[in-house]
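See below for the structure under consideration.
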Amino acid sequence: MLDITGQARWGILGDGQLARMLALSAIPLGVRPIILTGDSSSPAGQTSPLFVRGHIDSRDDLHALLSQVDGAVIESEFVNCDLLESTGLANKVVPSISVIRVLQNKLEQKKLLQHLKIPTSPLFEQGSQETQSWLKSISDNGTRPIVLKFATLGYDGKGVLVLRGSGASDLEAASDFVALATKRKIAVYAEDLVEFDRELAMLAVRRKDGEFKTWPLVISEQKNGICDRVTGPATSLGVPKAHEVAAGIACEKIASHLGIVGVFAVEFFLGVDGTLLVNEIAPRVHNSGHYSQNAGCTSQFENHWRAALDLSLGSTDTMPFFAMQNILGPAEITSKECAHVPKGSEMAHVHWYAKRGISPGRKLGHLNGACHDMSLSGDVLSALQASYGRWQDEQRHFFNPAESPRGAPK
Ligand code: ADP
């Protein structure tokens, strides 16, 4: 379906920041992105004059989008696969519905990992057991550390309860968590708590014919279940090369077993005992790969399109050091007013999502930095920290001028 300029039309299911960055990187490839959005001023809606006004949970709106495009990519795995299939056009979606079905469910992911013999923390299913006795048995009456998880619809730590084994209070928190999930019709499972040194992640991309590439293993630092900062390559920062090799093998096994097309991310725990365990898999472009926009030969967004369009994949080589700092809404600020665009600096590249409103922990943008010389890595980190700190100060001064010694920023 080429338009009068000879460009193909591709849909994007979603209108948040990942959709925005996908849309922006489609354009140089001669692809006209069409966004499914109810709001043309959403992060992705702003990027393209072409959109279908509608909602991802409406069969008619999905049909309207899919009927005018060659294909469509997703920004979130939590799409309604049954609804997509009911349009009769689900075969246009990348990755395939069968891949999305497995990877949108963390319990299915765990079973896949066990099947592929890829190390992951042991899993406990509730089965037909009554909730209280199940919780008591898997946690030794609340004294053994475990983690409860929503099988679906969890993100940014929402849908995860880490229980450190502190007894009755843990059992109470666990019961509340299961009750909340039951109310929302979400299945819950448990896994062993992993005592880890670091959280790591790897981005990979696969084409239909099997062409496959990985980016370097990276270190992902989380705060309150939300990714705060990513640095890499992990092997330049003290993580043994053998872990990068093992991570790459795990990614390839997953991709070839499922027949994934496009970019996907695998998150890992590096245990205090030195073992590498898979935490979870995301069948899409991912926050842990944003560094690739400024530190790599090919960004994750470009390679996602290349895979979707069945073009040869770009190199996944990177600079010797890179970092990505998420710009999160500061703890004390909630407002419908927009946050201000950070200014960045020579070493800090701004990627702004242009969201309406600000709230604690909300992902509003990110900063990327990279260098050709490892000896400059400290300067890169300082540049990101300075830029982010300045922005945080400005927001505090603007939204809480009474508390600001300097008043609102100009
Ligand atoms: P989400 O999909 O919301 O990001 P994750 O499964 O990645 O959820 O969990 C969020 C965070 O919770 C992880 O980054 C990690 O810090 C912590 N966590 C999750 N599972 C475990 C576990 N089994 N052991 C220890 N910490 C965990």
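Subtract the Cα-Cα distance of Asp39 and Glu108 from 0.36 nm times their separation in residues, and report this length gain in nm to one decimal.
21.5 nm
Past 31 Å, Cα to Cα: identify those pairs from Lys185/Lys241; Lys136/Lys185; Lys208/Lys355; Lys136/Lys241; Lys92/Lys336; Lys111/Lys136, in the order given.
Over 31 Å Cα-Cα: Lys185/Lys241; Lys208/Lys355; Lys136/Lys241; Lys92/Lys336.
Cross-link partners among lysines for Lys223, C-alpha distance below 16 Å, same-chain residues fewer than 8 apart left out?
Qualifying lysines at Cα under 16 Å: Lys158, Lys363.
Take every DSSP beta bridge whose two residues both sit in the stretch 1-110, then give the antiparallel share in percent to the nearest 5.
Of the beta bridges lying entirely in the stretch 1-110, close to 5 percent run antiparallel.
Would you please give the FRET efficiency between Asp379 and Asp317, computed as 1/(1 + (r/R0)^6) with r the Cβ-Cβ distance and R0 = 30 Å, to the nearest 0.05?
0.85
Taking the Cα centre of each part, how many Å lie between the stretch 341-405 and the stretch 1-62?
28 Å
Give me the extension gain from Asp197 to Asp228: residue separation times 0.36 nm, minus the current Cα-Cα distance, reported in nm with one decimal.
The span from Asp197 to Asp228 would gain 9.5 nm if fully extended.
Ranked highest first by the average count of other Cβ atoms within 10 Å around their residues, in what order do 20-29, 262-271 fall?
Taking the mean over residues of other Cβ atoms within 10 Å, the ranking is 262-271, 20-29.
Quote to one decimal, in nm, the extra length available between Cys81 and Asp273 on full extension: 0.36 nm per residue of separation minus the C-alpha distance between them.
Contour length minus the Cα-Cα distance gives 65.2 nm.
Please build a GNM for the chain, connecting alpha carbons under 10 Å apart, and tell me which residue among His243, His372, His349 fluctuates the most.
In this elastic network of the chain, the residue with the biggest mean-square fluctuation among His243, His372, His349 is His372.
Would you mind putting 66-75, 328-337 in packing order, based on average other-beta-carbon counts within 10 Å, highest first?
66-75, 328-337
At a Förster radius of 22 Å, what calculated FRET efficiency corresponds to the Cβ-Cβ distance of Ser133 and Ser169, to the nearest 0.05?
The computed FRET efficiency comes out at 0.75.
Putting +1 on Lys and Arg Cβ atoms and -1 on Asp and Glu Cβ atoms, find which of Ser58, Thr37, Ala23 reaches farthest to the positive end of the dipole of the stretch 11-68.
Farthest towards the positive pole: Ala23.
Which order do the peptides 193-200, 362-369 take when ranked by the mean count of other beta-carbon atoms within 10 Å per residue, highest first?
362-369, 193-200
Can you give the FRET efficiency for Asp310 and Lys241, using 1/(1 + (r/R0)^6), R0 = 35 Å, r = Cβ-Cβ distance, to the nearest 0.05?
After rounding, the FRET efficiency stands at 0.65.
In nanometres, what is the gap between the two model label sites at Ser345 and Asp60, each 7 Å from Cα along Cα-to-Cβ?
5.4 nm
Counting each DSSP H run of 4 or more residues in the chain as -39500 (n - 2.57), what helix-only mean residue ellipticity at 222 nm follows after dividing by all residues, to the nearest 500 deg cm²/dmol?
Using -39500 (n - 2.57) per qualifying helix, the result is -8500 deg cm²/dmol.
Starting from the Cα of Lys213, draw a straight line to each of the lysines and keep only those under 16 Å, dropping any in the same chain fewer than 8 residues away.
Cα-Cα hits under 16 Å: Lys253.
List every residue whose amide H lies under 5 Å from the amide H of Phe124, counting only residues 5 or more places away in sequence or on a different chain, with H placed 1.01 Å from N in the peptide plane.
Ala190, Glu191
No value in this document is a laboratory result; all are computed from the given coordinates. The structure presented is a predicted model; accordingly, all values stated were derived computationally and were not measured. Cβ coordinates were reconstructed from backbone atoms using ideal geometry, including for glycine residues, and neighbour counts include every protein chain displayed.
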